[in-house]
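Asker: My questions all concern the structure below.
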Amino acid sequence: MTPRLGLAGRLALAGLLAFGALALGAALGLYAQDYAGAAGPELLSPGPGAWLGTDALGRDLLARAIQGARVSLAVGGGAALGIVALGGLLGALAGLRGGWTDRLLAGLTDAVAAVPPLVILLGAALLLAPGIDTAILAIALTQWSGVFRGVRAEALRLRASDYDRAALAMGAGIWHRLRWHLLPRLRPVLATALVLSFVHAVKVEALLAYFGASAQTLPSWGRLLAESGSELARGIWWPTAAASVPLALLVLCAQVLADRLGEGEPGG
Amino acid sequence: MRALLRRLLVAAATLALVSALVFVVVDALADRATLELGRGAAPEALAARRALLGLDRPYLIRLLEHVGSAMSFQLGESGHEPVTARLWRALAPTLAYALPGFALASVLALGGGFAAARRRGWLDRGLLGLATALMSTSSVILVVLGQHLLAHRLRLFPVLGWPLGGDPRGALVFVLLPALLWALIQLGPDLRHYRALFIRELAAPHVEGLRARGLSEARVARHLLRGALGPVLARVSARLPQLVLGSVVVEHLFNIPGVGALLLAALQRADLPLVQGVAIGLAAATIGGQALCDLLIWRLDPRSRAAREGR
């Protein structure tokens, strides 16, 4: 059951794939490699030579923006997988087992959700060595409560169904029920959750990077935004644009895709 | 009454769990003695500092002690001052802009969501597009660009500053722009949430019944809003953690001495007691607020009481 994406959804998917290709090429070293050294005079306005201009240290902003896509996509993708895996497994366990397992896990989720996520996020990122893996870990470990609730509700609904009772009566174990009964039911929900978690993780990464708590060697969009703040007040707009336009575009693409995927669900 | 007691018990248990979690996480991530003396300190000095701080006692004892003191709201000291006092002091500036911003965003989102759900058509599409655009713009971009355009360029507001006891008119001026930006950050998701909520409520059979009896649209809307009160309160309660923390970006860029700024400063100085205190204090405020919202919903919405008793 593939959901119909429509024109907007297909465009969004194409945009995401384009971002992916751009980041992959940069990671393989095909282009945008001179992001760290000075490529020209300082604060050069956009034009031939430096298509997006240069920043206060004379570094090429196009190369830096492309390298930023690597960070955003790596953190967004990694954290989204972590969120869905963790929230999904715990939610399935709570819903399928029920009883005390359910109560304990639901309580744990409430407790995790009650701590303002930013405290843990910034805390983990600044106290540990900040970097891409720390950002992925911190986001995945704190943001799974939404997926947990959705999967748990679905698993509880499954427990009330006749075919799950039949499977239980035939002695099916929890893994069998998870694999053959819950997972097929959850597939559309998980797809939407994956894309939504990606959106969330990319935004959180930008925030972390703004406070210097994300990737250290690679430039990321949040850090570019933080660096461009003082120039913006002087009317130099291109460093800010080079960071904010791709960030907003990436999130917009993923958001539209998530909306299209979640179209059939109630409340979506 | 039993429901009230039970809800309070759940809130207390959640707070205990939160403080235990915070303790475990902080203890696993960072060693206070190393942070205070630096990484290159001699092992003997580190051991002495650990003994001074009581870090050499058994893990379980320290955990229980930590949970106990958190439950009695003794969050330790930081800089020769109780953490609670610093939190209280930081809370006022945060609430000064977050509360008006929150109210503004909620009113706009409720009104917009209701109008979009009822009219559909171009108004709906326009508001939905606006919400998606706002959601796609990272809060960092919103705040940076908002401050630049509205304060630097158009000069509608002062760029930054926080009145430390100046005249009341001046205080208001400084709060306006942060509150507006705060509202913009929150507006996108809320607009979509309330639109979906009102579409569901409008499809309910009793709305059809009211219309069939010939009630005016305004009266129907009043019935509808009362019915939607529970879910709206639930949404407000889900928003509480953000309300007390404020926006770290807003406070950073506008130089507001609020909770977010306190947290950032505590992290940069690696002030563990203050970080723990902020985490637990904010969690306590959130848990308390959520319990209050739940009780309000029970009080206002008979359906939720029936659902509870039926379980």
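Asker: Among the numbered criteria (1) in contact with a helix residue (DSSP H, G or I) (Cβ under 7 Å, 6 or more places away or on another chain); (2) over 20 Å from residue B:139 (Cα atoms), which single criterion is violated by residue A:136?
Answerer: Here residue A:136 clears every test but (2).
Asker: I'm told residue A:135 meets every condition in (1) away from chain B (no Cβ under 13 Å); (2) over 23 Å from residue B:260 (Cβ atoms) except one. Can you identify the failing condition by its number?
Answerer: (2)
Asker: Can you find a residue in segment A:255-263 that is at pLDDT below 90, surrounded by fewer than 17 Cβ atoms within 10 Å (Cβ to Cβ), out of contact with any strand residue (DSSP E or B) (no Cβ under 8 Å at 6 or more places or on another chain) and closer than 30 Å to residue B:198 by Cβ?
Answerer: Yes, that holds for at least one residue.
Asker: I've got another one for you. Taking interchain pairs and intrachain pairs at least six residues apart, which have beta carbon atoms under 8 angstrom, with the first residue in segment B:260-289 and over 14 Å from residue B:22 (Cα atoms) and the second among the aromatic types (Phe, Trp, Tyr)?
Answerer: Partner pairs satisfying both residue conditions: B:264/A:211.
Asker: Consider residue A:209 carefully, then state whether it is closer than 17 Å to residue B:143 by Cβ, out of contact with any strand residue (DSSP E or B) (no Cβ under 9 Å at 6 or more places or on another chain) and surrounded by 23 or more Cβ atoms within 10 Å (Cβ to Cβ).
Answerer: Considered against the rule, which asks whether it is closer than 17 Å to residue B:143 by Cβ, out of contact with any strand residue (DSSP E or B) (no Cβ under 9 Å at 6 or more places or on another chain) and surrounded by 23 or more Cβ atoms within 10 Å (Cβ to Cβ), residue A:209 comes out as yes.
Asker: Restricting to segment B:259-277, and then to whatever is more than 10 Å from chain A (Cβ to nearest Cβ) and part of a helix (DSSP H, G or I), can you tell me which residue is farthest from residue B:11 (Cα to Cα)?
Answerer: The extreme case among them is B:265.
Asker: Please count how many residues of segment B:1-20 are within 14 Å of another protein chain (Cβ to nearest Cβ) and in contact with a helix residue (DSSP H, G or I) (Cβ under 8 Å, 6 or more places away or on another chain). Give the steps one after another, and end with the answer.
Answerer: Residues of segment B:1-20 that are within 14 Å of another protein chain (Cβ to nearest Cβ), as a first pass: B:6-7, B:9-20.
Next cut, in contact with a helix residue (DSSP H, G or I) (Cβ under 8 Å, 6 or more places away or on another chain) only: B:7, B:10-20.
Result for segment B:1-20: 12.
Asker: Would you point out which residue out of B:244, B:207 is away from chain A (no Cβ under 11 Å) and under 29 Å from residue B:305 (Cβ atoms)?
Answerer: After ruling out the rest, the residue left standing is B:207.
Asker: Please work out if residue A:123 is without any contact (Cβ under 8 Å) to a residue 60 or more places away in the chain and buried (at least 20 other Cβ atoms within 10 Å of the Cβ). Spell out how you get there, then give the answer.
Answerer: Values: without any contact (Cβ under 8 Å) to a residue 60 or more places away in the chain: yes; buried (at least 20 other Cβ atoms within 10 Å of the Cβ): yes.
Answer is yes for this residue.
Asker: Next question, about the same structure. Please specify each residue of segment B:207-242 satisfying the condition of being of a type in the set (D, E, K, R) and in a helix (DSSP H, G or I).
Answerer: Listed by number, the residues that qualify are B:208, B:211, B:217, B:219, B:222, B:226, B:235, B:239.
Asker: Would you mind stating whether residue B:9 is out of contact with any strand residue (DSSP E or B) (no Cβ under 9 Å at 6 or more places or on another chain), without any contact (Cβ under 8 Å) to a residue 12 or more places away in the chain, assigned to a helix (DSSP H, G or I) and not small (Gly, Ala, Ser)?
Answerer: It is true that residue B:9 is out of contact with any strand residue (DSSP E or B) (no Cβ under 9 Å at 6 or more places or on another chain), without any contact (Cβ under 8 Å) to a residue 12 or more places away in the chain, assigned to a helix (DSSP H, G or I) and not small (Gly, Ala, Ser).
Asker: Something else: Report, by residue number, each residue of segment A:233-244 that is assigned to a helix (DSSP H, G or I), surrounded by fewer than 20 Cβ atoms within 10 Å (Cβ to Cβ) and within 9 Å of chain B (Cβ to nearest Cβ).
Answerer: Within segment A:233-244, just A:233 meets the criteria.
Asker: While we're here: Do the conditions hold for residue B:94, that is, is it assigned to a helix (DSSP H, G or I) and modelled with pLDDT under 85?
Answerer: no
Asker: From A:214, A:228, grab the single residue that is of a type in the set (S, T, N, Q) and assigned to a loop (DSSP other than H, G, I, E, B).
Answerer: A:214
Asker: Could you list, in sequence order, the residues of segment A:226-268 that are free of Cβ contacts under 8 Å to residues at least 24 places away in the same chain and under 18 Å from residue A:51 (Cα atoms)?
Answerer: Within segment A:226-268, A:237, A:240, A:244, A:245 qualify.
Asker: Among the residues of segment A:163-171, is there at least one that is at pLDDT 85 or above and at positive phi?
Answerer: Start the filter on segment A:163-171 by keeping residues that are at pLDDT 85 or above, which leaves A:163-171.
With at positive phi added as a condition, the list becomes A:171.
There is at least one residue in segment A:163-171 that is at pLDDT 85 or above and at positive phi.
Asker: Working carefully through the options B:280, B:256, find the one that is more than 13 Å from chain A (Cβ to nearest Cβ) and crowded, with 24+ Cβ neighbours inside 10 Å.
Answerer: Exactly one of B:280, B:256 is more than 13 Å from chain A (Cβ to nearest Cβ) and crowded, with 24+ Cβ neighbours inside 10 Å, namely B:256.
Asker: I'm trying to understand the selection: among the residues of segment A:27-61, which are crowded, with 18+ Cβ neighbours inside 10 Å, in contact (Cβ under 8 Å) with a residue 60 or more places away in the chain and farther than 30 Å from residue A:194 by Cβ?
Answerer: Once the filter is applied, which keeps residues that are crowded, with 18+ Cβ neighbours inside 10 Å, in contact (Cβ under 8 Å) with a residue 60 or more places away in the chain and farther than 30 Å from residue A:194 by Cβ, segment A:27-61 yields A:52, A:53, A:55, A:61.
Asker: Could you run through segment A:186-206 and say how many residues are of a type outside the set (Gly, Ala, Ser) and within 13 Å of residue A:79 (Cβ to Cβ)?
Answerer: 10
Asker: If you don't mind, there's one more thing I want to ask. State yes or no: is residue A:247 surrounded by 23 or more Cβ atoms within 10 Å (Cβ to Cβ), under 22 Å from the mean Cα position of the chain (by Cα) and at pLDDT 80 or above?
Answerer: Yes; evaluated as a whole, the condition is true for this residue.
Asker: Could you check, for segment B:249-258, whether at least one of its residues is in contact with an Asp or Glu (Cβ under 6 Å, 6 or more places away or on another chain), at pLDDT 85 or above and either hydrophobic (A, V, I, L, M, F, W, C) or in a helix (DSSP H, G or I) (or both)?
Answerer: no
Every residue, every condition in (1) within 14 Å of chain B (Cβ to nearest Cβ); (2) under 21 Å from the mean Cα position of the chain (by Cα), yes or no:
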residue	(1), (2)
A:87	no, yes
A:93	no, no
A:108	yes, no
A:117	yes, yes
A:123	yes, yes
A:131	no, yes
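Asker: Okay, next question. Tell me which of these residue A:105 doesn't satisfy, since it passes every other one: (1) farther than 21 Å from residue A:200 by Cβ; (2) crowded, with 23+ Cβ neighbours inside 10 Å; (3) touching a Leu at 6+ places or on another chain (Cβ under 6 Å).
Answerer: Evaluating residue A:105 over (1) farther than 21 Å from residue A:200 by Cβ; (2) crowded, with 23+ Cβ neighbours inside 10 Å; (3) touching a Leu at 6+ places or on another chain (Cβ under 6 Å) leaves (2) as the failure.
Asker: Going residue by residue through segment B:21-35, is there one that turns out to be more than 12 Å from chain A (Cβ to nearest Cβ), modelled with pLDDT under 85 and over 28 Å from residue B:287 (Cα atoms)?
Answerer: Yes, that holds for at least one residue.
Asker: If a residue counts only when it is under 24 Å from residue A:178 (Cβ atoms) and of a type in the set (S, T, N, Q), which helices (runs of 4 or more DSSP H) contained entirely in segment A:74-157 have at least 1 such residues?
Answerer: It comes to A:99-114.
Asker: Hey, residue A:177 hits all of (1) in contact with a helix residue (DSSP H, G or I) (Cβ under 8 Å, 6 or more places away or on another chain); (2) more than 14 Å from chain B (Cβ to nearest Cβ); (3) free of Cβ contacts under 8 Å to residues at least 24 places away in the same chain but one; which does it fall short on?
Answerer: (3)
The values are calculated or read from the model by the stated rules, or taken from the named source; none is laboratory data. The structure displayed is predicted, hence computed values, not measured ones. Every residue, glycine as well, gets a Cβ built from its backbone with ideal geometry; the counts of neighbours run over all protein chains shown.
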